[in-house]
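What follows is one structure encoded as structure tokens, with my remarks underneath.
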Amino acid sequence: MRALCEHAVDAATAAGADYADARAVNRRVQHVATKNGEVDAVSDAETEGIGVRVLVGGAGGFACDRRLSEDGAREAAERAVSFARASAASAKRRTIELVPLQPARGEYRTPAERDPIEVPLSEKIDLCLRAEAEMRHPDVKITEAGVRSQRERRAFRSSAGADVYQEFAECGAGIDALAVADGRVQVRSYPSAHGGTSAQAGWEFVESLQLEREAPRVGEEAAALLRAHPCPSEVTTIVADAEQMVLQLHESVGHPTELDRVYGTEAAYAGTSFLKPEDLGNLPYGSEHMNVVADSTTPEGLGTFAFDDEGVPAAREIIVEAGILQGFLSSRETAALLGSGHGGSMRGDGWSRMPLVRMTNLHLEPGEGSVEDLLADVDDGIYLCTNKSWSIDDKRLNFQFGTQVAWEIKKGKLGRMLRDATYMGRTPDFWASMDAVAGQDEWRLHGLTNCGKGQPGQHAHVSHGTTPARFRNVRVGVREA
Amino acid sequence: MSPDSAALDLAERAYRAAEADQAEALVHSEQSGFARFAGSEVHQPTLIRDESVTLRVVRDGRVGCAVTNRTDDEGLRETAQRAAEAADGSPPDPYFAGLQEP
């Protein structure tokens with residue numbers, strides 16, 4: 001793969017590219033899903049190919065070919081150059097410039113005890129079926145369990161001399177119980193909703209989730225929600241659990257700080273950002289308790305690597321510090337536009353998609369205390385757990401989230417269970433209302449595999465480390481007419 | 001060989017690699033170009049060439065599926081093995097009515 005990348009880069013420069021890089025990728029993914037005690041889906045998919053990115057006269061081009069051969073590498077390179085040359089012919093265009101970078105050289109492999117791909121399918125199916133069985137309850141009409149495994153090999157070469165080889169292993173799992181009675185439908189999930197959680201790790205990560213042990217609680221809570229009181233409509237104090245904070249962070253901090261969105265290149269699809277380049281260093285994003293970092297070195301993070309897909313070394317970058325915006329997620333191109341930063345967030349989905357600015361691992365830094373400490377300072381409020389729904393505008397400014405379950409907080413203690421809980425806000429106002437963040441002992445890493453962006457569409461796998469956090473004066477519930 | 005003939009040839013090769021009572025091979029070939037504009041400039045120009053095979057097999061009433069874009073003989077052989085393993089690892093599907101007749 002490395003030799004083919006070199007061949008592609010040589011072919012691109014021979015065809016007239018001023019800069020070229022090539023990524024060769026082989027990826028294998030397995031999914032196992034069971035539903036109501038039966039196998040619902042078993043899939044095993046492998047894909048490989050080479051993608052070549054070039055600059056010709058300051059214009060960009062990208063082409064890819066599934067053939068990991070000299071012919072495939074050369075033809076992809078030549079087609080990329082042709083496309084870039086056609087773009088360069090346009091009189092009205094900006095010349096693409098990249099911030100300087102020392103050529104990257106190195107290798108990386110995910111630390112893993114058991115390769116998730118090599119775990120027998122029968123073992124994965126059995127794990128799902130056993131977990132499902134433990135969720136059964138008279139009111140639970142649908143039980144689902146799923147596991148995923150992925151192994152990827154990736155080589156990268158550039159005309160500047162970069163030479164990188166990386167191997168990644170990922171796996172994840174999740175269970176869901178859907179309860180139905182009296183015209184109501186409620187769902188509970190573990191360890192999180194929307195397909196569970198994943199990590200860059202060996203199969204020992206899935207085993208550590210203890211699906212079978214947690215399953216009875218999941219089924220019981222789904223059933224209990226059917227008879228729970230609805231979330232009231234009011235302005236109150238909320239404490240959001242770590243899992244709900246994942247999506248809060250992802251949608252209202254991760255996406256708006258993607259610098260390509262700030263510059264408008266995703267306006268046609270994924271949206272733009274309420275942030276402006278000149279906000280860097282002075283915009284109040286949240287309260288003094290808000291500290292957010294992007295860290296592509298986090299152990300077990302889905303966005304962890306040695307080098308991104310431009311060859312920029314992994315690093316820990318401050319995005320928000322004491323509530324002030326201090327950084328963007330960037331590429332070499334967008335960092336050059338901004339005049340600040342050096343990239344490090346360029347990631348392509350496989351071989352057939354050009355890299356875009358994506359989240360890697362984005363974390364809300366822990367504060368102090370336990371979740372009980374956060375609750376203790378709430379006289380009257382709501383504790384929200386496990387995301388159920390999300391809605392946020394295309395600038396990432398106005399949002400509404402729903403959670404699977406909530407509990408009243410009365411005089412510092414949890415009270416009765418609530419169903420159909422929602423809350424809403426405006427991004428900087430909401431984060432400004434955060435007056436407490438739980439400490440390191442409550443910090444958990446969660447992995448998402450369905451972050452979509454770009455055209456043609458692609459998905460990024462990202463992780464978020466979060467703790468429970470408390471917010472004052474938040475609108476919850478649905479207003480009645 | 002025309003693109004249509006090449007796709008049928010690939011499907012035939014994948015089908016013959018299958019280790020099954022019944023088998024079905026689906027070939028998806030793509031040659032695409034995408035020019036996206038933002039701020040009146042070309043952004044994310046993308047040219048793709050890909051070809052993949054989805055092989056579905058039935059073994060003792062059990063159904064398994066595997067996908068690959070490695071279309072050489074070794075790739076197809078491994079895909080057939082994976083589809084067989086997927087079938088063998090799954091319980092029999094009481095609702096499966098068999099593959100579509102020609």
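Run A:VAL32 past the list (1) within 11 Å of another protein chain (Cβ to nearest Cβ); (2) in a strand (DSSP E or B); (3) under 25 Å from A:GLY343 (Cα atoms) and report the number of the one that doesn't hold. Just one mismatch for A:VAL32, condition (3). Somewhere in region B:14-32, is a residue within 15 Å of the chain's Cα centre (by Cα), over 18 Å from B:LEU76 (Cα atoms), of a type outside the set (A, V, I, L, M) and modelled with pLDDT of 90 or more? Yes, some residue in region B:14-32 is within 15 Å of the chain's Cα centre (by Cα), over 18 Å from B:LEU76 (Cα atoms), of a type outside the set (A, V, I, L, M) and modelled with pLDDT of 90 or more.
Going through region B:81-102 one residue at a time, which ones are of a type in the set (A, V, I, L, M) and within 14 Å of A:ALA45 (Cβ to Cβ)? First the steps, then the outcome.
In the first step, residues of region B:81-102 are kept if they are of a type in the set (A, V, I, L, M); the result is B:83-84, B:86-87, B:97, B:99.
Matches in region B:81-102: B:ALA83, B:ALA86.
In summary, strands (runs of 3 or more DSSP E) completely within region A:161-276 and bearing 1 or more residues that are crowded, with 17+ Cβ neighbours inside 10 Å and of a type in the set (Asp, Glu) occur at A:163-181. Residue selection: B:VAL42 fails the criterion of being surrounded by 17 or more Cβ atoms within 10 Å (Cβ to Cβ), in contact with an Asp or Glu (Cβ under 8 Å, 6 or more places away or on another chain) and not in a loop (DSSP other than H, G, I, E, B).
Checked against (1) facing another protein chain (nearest Cβ under 10 Å); (2) within 15 Å of B:PRO45 (Cα to Cα), A:ARG85 meets all criteria but (1).
A:LEU302 passes every criterion in (1) in a loop (DSSP other than H, G, I, E, B); (2) surrounded by fewer than 24 Cβ atoms within 10 Å (Cβ to Cβ); (3) not basic (Lys, Arg) apart from (2). Sub-7 Å Cβ pairs linking a first residue in region A:105-123 that is within 14 Å of chain B (Cβ to nearest Cβ) and touching a residue at least 40 places away in the same chain (Cβ under 8 Å) to a second residue that is surrounded by 12 or more Cβ atoms within 10 Å (Cβ to Cβ) and part of a loop (DSSP other than H, G, I, E, B), at least 6 apart or interchain, are A:VAL119/A:TRP203; A:LEU121/B:GLY89, ordered by first then second residue.
Is at least one residue of region B:12-34 in a strand (DSSP E or B) and facing chain A (nearest Cβ under 7 Å)? Before the answer, list the steps.
Here is the first cut: in region B:12-34, the ones in a strand (DSSP E or B) are B:22-34.
If we keep only those that are facing chain A (nearest Cβ under 7 Å) as well, we get B:34.
Yes: region B:12-34 contains one or more residues that are in a strand (DSSP E or B) and facing chain A (nearest Cβ under 7 Å).
So is A:VAL320 closer than 26 Å to A:GLY425 by Cα, assigned to a strand (DSSP E or B) and β-branched (Val, Ile, Thr) or not? Taking the combined requirement at face value, the residue satisfies it. Taken over region A:36-51, residues that are closer than 14 Å to A:GLU144 by Cβ and among the small types (Gly, Ala, Ser) amount to 2. Of the candidates A:ALA3, A:ALA76, A:ALA15, A:ALA33, the single residue that is surrounded by fewer than 24 Cβ atoms within 10 Å (Cβ to Cβ), touching a Cys at 6+ places or on another chain (Cβ under 8 Å) and modelled with pLDDT of 95 or more is A:ALA33.
The values are calculated or read from the model by the stated rules, or taken from the named source; none is laboratory data. Source: prediction; values computed, not measured. Note: ideal-geometry Cβ built from the backbone for every residue, glycine included; neighbour counts use all protein chains shown.
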